[in-house]
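A short worksheet on the structure shown next.
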Amino acid sequence: MADTLLIRHPASGAETELTITDASIRAAELRRFNIGGEPLATFDPGFTNTAACHSAITYIDGDAGVLEYRGYPIATLAEHSTYLEVAYLLLNGELPTATELTAWEDRITTHRRVPEELKTVLAGFPASAHPMTILMSSVAAFFSFYPDARNFDDPASRSRAIARLIAKMPTLAAYAFRKGRGEAYVAPEDDLGYCANFLHMLFAQPDRPYEEHQHLVRAMEVLFILHADHEQNCSTNAVRSVASSGNDLFTCCSAGIGALHGPLHGGANEAVLKMLREIGSVDRVGEFIEGVKAGRTRMMGFGHRVYKNYDPRAKIIKSSVEDVFEITGVNPLLKIALELERYGLDDEYFVSRRLYPNVDFYSGLIYEALGFPPEMFTVLFAVPRASGWAAQYQEFITDPEQKIARPKQIYTGHSTRDYVPIGARG
Ligand code: CMC
């Protein structure tokens, strides 16, 4: 049953009644009302309480620490699925049958290679280029190689662009990684699964083929599943915004990669490692925490816009840390991280603000143990997020309610004034 909300202007006392549907108010409805001649608008920097879409892909209950893809709890998927199976689920709404999964895996395998000409684009970047910059530019460049992506209203064209994106992201990421190390590119290996092939393209050497280790491949699958989607986060919002002006998937995902690069979003796991190194030893954790409480710095990998409880992804990653370290050797920064977490879960500053470890707190430690430099960490977030961005893009494109993204502003500048010629300005 629809409910109503009575708004009373604090100064004029003017009253306005609004109808609430679906536990939400349609913001466009507000425009019908005005107070003192000004149409009502929501003021919501960062969209902390503004829903921009209806979505059936990912469900989060931030207070309870729940994350589900298409109704399946993240821990169940992390335990039983592969990344490609989860990508299929995000895109199609249902888990695949065995036949559907094989067909989907084969389809992705056939699209793994990137165009030869793109390698000359990659060659133009300086050796010092951040791999996220290379990834962002290369994904944008895909549109020049696959202009069919423009026909996004045609399901077949859209699905081709999606398969290409998901298939080629690991290839691009591996090339960006090897470029930074001055190493020749390694072609995809069709007999290997998605994550095993990625590790092969990253780490194989001419005299030493990549030795597949099932536990590490599985750890990568789990990390990819955990990062596949996270509803309307900053980068997904960027993807949807860019899609709203009528863009192809590659252009939109390039914008998503840019948004993800920021240290408050995907760049946080890189920042966590930097923070742990700066702290340097367990006995300096207390001093660091005092600095956080005094507002001099933030505890990276802690806090989340949505989770006001332990991030369920962080819980799963933390539980696989030991499995990975058993094979790779223990990352010595783990002790500092555990001590930081102990403080964080106990200290009034963090408790009262409901700041808990997020997905980035432990992932960097694993990535480092696997042999990745910090600048690759965000890339390892972007590769699996491609499936989430693609699912969100698809949902946006097929949603008749959606419009071009165009937030309002509340103007605080000058009222109209006279132009003063330059010679008369004092
Ligand atoms: N360390 C110290 N204080 C913090 C932190 C932190 N990591 N995060 C939030 N706070 C404080 C903040 O100073 C504020 O305190 P006060 O009320 O006294 O001013 C209060 O908590 C609320 O913070 P906020 O900035 O209003 O919260 P937000 O929802 O806008 O920010 C966040 C969310 C993720 C940007 C923030 O928690 C943060 O900067 N965390 C560190 C960066 C990080 O780990 N980012 C990865 C997020 S998870 C991956 C992803 O999904 O992208």
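The values are calculated or read from the model by the stated rules, or taken from the named source; none is laboratory data. The structure displayed is predicted, hence computed values, not measured ones. Cβ: placed from backbone, ideal geometry, glycine included. Neighbour counts: every protein chain shown. For accessibility, only protein heavy atoms count, side chains too; no ligands or nucleic acids. Shrake-Rupley method; radii C 1.70, N 1.55, O 1.52, S 1.80 Å.
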Full extension from Gln409 to Asp347: what is 0.36 nm times the residue separation minus their Cα-Cα distance, to one decimal in nm? 18.5 nm
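In whole percent, and with a 1.4 Å probe on the protein chains, what portion of the accessible area of the chain is carbon and sulfur? All intermediate terms of the calculation are to be shown ahead of the outcome.
Values: 11130 of 21250 Å².
Here it works out to 52 percent.
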Over all alpha-carbon pairs in the range 270-374, figure out the percentage whose distance exceeds 22 Å. 26
How do the peptides 200-213, 71-84 rank, highest first, by the average count of neighbouring beta carbon atoms within 10 Å per residue? 71-84, 200-213
Mind telling me which of Cys252, Cys53, Cys234 comes out most flexible in a GNM of the chain, alpha-carbon contacts under 10 Å? Cys53
Å² of accessible area per residue within the chain, as computed with a 1.4 Å probe and no ligands counted: 50
With charges only on Cβ, +1 for K and R and -1 for D and E, what is the dipole size of the chain about its Cα centre, in debye, rounded to 20? 1460
How large is the convex hull of the C-alpha atoms of the chain per residue, in Å³? 222
Tell me which DSSP H helices of the chain clear both cut-offs, 27 Å or more of axial length from alpha-carbon atoms and a mean Kyte-Doolittle hydropathy of at least -1.0. 155-180, 377-397
Placing unit charges on C-beta atoms (Lys and Arg positive, Asp and Glu negative, everything else neutral), compute the dipole magnitude of the range 160-281 about its Cα centre in debye, rounded to 20. 360
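Per 0.36 nm of contour for each residue apart, how much would the distance between Thr4 and Ala129 grow if the chain were fully extended, relative to their Cα-Cα spacing?
Roughly 39.5 nm would be gained on extension.
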Estimated distance in nm for a label pair at Glu29 and Thr48, the labels positioned 7 Å out from Cα along Cα-to-Cβ: 2.4
Highest-MSF residue in the chain out of Ser352, Ser319, Ser254 [GNM, Cα springs under 10 Å]: Ser352
